[in-house]
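A.B. asks: One structure coming up, written as structure tokens, with questions to follow.
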Amino acid sequence: MSVEIRPIRDQEVEEFAFVDAYAFNSSRAPEALQEAADFARATYPLEWSLAAFVDGRMAAGLRVLPFAMRINGGAVAMGGVTAVACLPEHRRRGHVGALLRRSLADMRDRGQVLSGLYTPHYPLYQRYGWGVASTAVRYSFAPKDVQVARPPREERCRRVTADEWPALHALYEEYTRERNGPLVRAEVWWREAVFRARREPQDAALWEGTSGEALGYVVYRTRRFEVPDRPFPQSVLRVRELIALDGEAYAGLLSYLLRHDLHERIEWYASPEEPLLSVLTDPWRVRMEAWPALMLRLVDVPRALEARPCLEQAQGRRLVLAVHDRTAPWNEGVWRLEVADGRLSVQAASEQPDLTLDVRTLAALYNGHLAPAEAARVGLLEVGRRSALAEAAAIFSVSYAPFCIDEF
């Protein structure tokens, strides 16, 4: 048996779409596979894909999307790993692990110092150095059960199409500029991933101020489900994102959503800091569930740390970290961190480390998902110098809890 790992070629995109569809139990109809292949060609460079070929036949594959992620006002290059799939007859033979290891080396060579992914299979990716680095809260409520405490005096919401993406993009840029976790978006992402997520058209509405300026928007879609023992299907409105630059826009967009009252419920995956419950008259009617969300990995530890902006409280701080990374050996070692003018400088060191941790824990510290003192309390890092926890808290401080709006 011969195994070859390499990027896929243009004539192999449809074959990869089949592997992906089979692995995740989605439609393998010719038109569905063609749509998936068209989406793939439109949204990522083929040379940033990988597949494992067993005796010349594709057995497994993954894609790496070229992203940049917002961290403290900066944009850090990130590879979004997605569509990790393997046909069942080739599973448990190490093909996916080989693809992940190769992808890390490729991302490092391309300057993608971070990597992010979504998965229900956390142990697999933890084994290769990704760590849970954000939480999503799912809000679920019936639109007839809640009201906005201070609704706007007049309706200034209008539905928009994908061709008006620049207006939404300007609002998105303003909202996400200082936040922690959002992706930097290009036009193709707006058209193919926001307005046609999973190849399903989505709706969008724009809120305008009294003089016509855009102040907020919401992107959403509606779905119908057959429910056993019920004469009618259930209808659900799912909010992809709601962005508002002032309180009236926020209240206006929520009021607009609540007028979709033929739906049995509204669902919204949002940041733990989302202020939804504070603007409703009946917040107790909202069901909340917390979910682990984005997994993050430092592909290149020193370069990722140097690319990360620091807040003012980090100025002049110094820290020595010992990092363990079994999958990416170039990260293994002791690193001296020093902050000046809002940036980290990182050098290899031979001195005694202040903190010792795994690369997975470092990912959760990097974007502020986990406080250093809490990581120490639960045994995720070893403390060599007690005051180093305060140093680490300042260096890795963030203004907002990490949350990535986009799934990929």
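None of the figures in this text is laboratory data; all of them are computed from the coordinates on show. Only a predicted model underlies this, so the values are computations on that prediction, with no experimental measurement involved. Cβ placement follows ideal geometry from the backbone for every residue including glycine, while neighbour counts extend to all protein chains displayed.
A.B. asks: Give the residue list of trypsin sites (Lys or Arg not before Pro) in segment 139-185 that are DSSP loop and have at most 13 other beta-carbon atoms within 10 angstrom.
C.D. replies: Working: sites: 144, 153, 156, 158, 159, 177, 179, 185; in loops: 144, 153, 156, 177, 179, 185.
Answer by residue number: 144, 153, 177.
A.B. asks: Also, I was wondering about something else. Please provide three numbers in whole Å: the alpha-carbon extents of segment 299-395 along the principal axes, with the largest listed first.
C.D. replies: Cα extents, longest axis first: 33, 28, 26 Å.
A.B. asks: Round to the nearest 0.05 the FRET efficiency obtained for residue 101 and residue 277 when R0 = 35 Å and r is the Cβ-Cβ distance.
C.D. replies: Working: r = 43 Å, r/R0 = 1.23.
It comes to 0.20.
A.B. asks: Please turn the phi angles of segment 25-34 into ³J(HN,Hα) values with the Karplus equation 6.51 cos²θ - 1.76 cosθ + 1.60 (θ = phi - 60°), one per residue in order, whole Hz, x for glycine and proline.
C.D. replies: 6, 9, 5, 10, 4, x, 5, 5, 5, 5
A.B. asks: Show me the three semi-axes of the equivalent ellipsoid for segment 206-285, from the C-alpha gyration tensor (sqrt of 5 times each eigenvalue), largest first, rounded to whole Å. Working shown, then result.
C.D. replies: Numbers: eigenvalues 144, 43, 25 Å².
Equivalent-ellipsoid dimensions as semi-axes: 27, 15, 11 Å.
A.B. asks: Right, another one. Can you compute 3J(HN,Hα) from phi for each residue in segment 384-399, using the Karplus curve 6.51 cos²θ - 1.76 cosθ + 1.60 with θ = phi - 60°, rounded to whole Hz and x for Gly and Pro?
C.D. replies: Going residue by residue, I get x, 9, 4, 5, 5, 5, 5, 4, 5, 4, 6, 5, 9, 5, 9, 8 Hz, with x marking Gly and Pro.
A.B. asks: To the nearest 20 Debye, how big is the dipole of segment 137-291 about its Cα centre, given +1 on the beta carbon of each Lys and Arg and -1 on that of each Asp and Glu? Intermediate values should be presented prior to the final figure.
C.D. replies: Values: 24 positive and 26 negative charges, 103 e Å.
About 500 debye.
A.B. asks: Rounded to the nearest 20 debye, what is the charge dipole size of the chain about its Cα centre when +1 sits on each Lys and Arg Cβ and -1 on each Asp and Glu Cβ? Write out the running numbers ahead of the final one.
C.D. replies: On the way: 51 positive and 55 negative charges, 166 e Å.
Here the size comes out at about 800 debye.
A.B. asks: To the nearest 0.05, what FRET efficiency results for residue 93 and residue 382 with a Förster distance of 41 Å applied to their C-beta separation?
C.D. replies: Values: r = 36 Å, r/R0 = 0.87.
After rounding, the FRET efficiency stands at 0.70.
A.B. asks: Further, regarding this structure: Quick check: convex hull over the Cα atoms of the chain, volume per residue in Å³, rounded to an integer?
C.D. replies: Numbers: hull volume 68.4 nm³, N = 408.
Taking the convex hull of the Cα positions in the chain, it is 168 Å³ per residue.
A.B. asks: Next question. Report, in deg cm²/dmol and to the nearest 500, the calculated mean residue ellipticity at 222 nm for the chain, where each DSSP H run with n ≥ 4 adds -39500 (n - 2.57) and the sum is divided by the residue count. Write down the numbers at each step before the final one.
C.D. replies: Details: 10 runs with 100 residues, N = 408.
Rounded to the nearest 500, it is -7000 deg cm²/dmol.
A.B. asks: Quick one: Cα centre-to-centre distance for segment 52-74 and segment 231-280, in angstrom?
C.D. replies: Each part reduced to its Cα centre gives a spacing of 32 Å.
A.B. asks: Extension gain residue 55-residue 340, at 0.36 nm per residue separation less the Cα-Cα distance, in nm?
C.D. replies: Details: separation 285, 0.36 × 285 = 102.60 nm, distance 5.34 nm.
Between residue 55 and residue 340, full extension yields an extra 97.3 nm.
A.B. asks: Tell me, what ³J(HN,Hα) does each residue in segment 124-136 have, in order and in whole Hz, if you take phi through Karplus 6.51 cos²θ - 1.76 cosθ + 1.60 with θ = phi - 60° and put x for Gly and Pro?
C.D. replies: Working through the residues one at a time gives 4, 7, 4, 4, 9, x, 7, x, 5, 9, 6, 10, 10 Hz.
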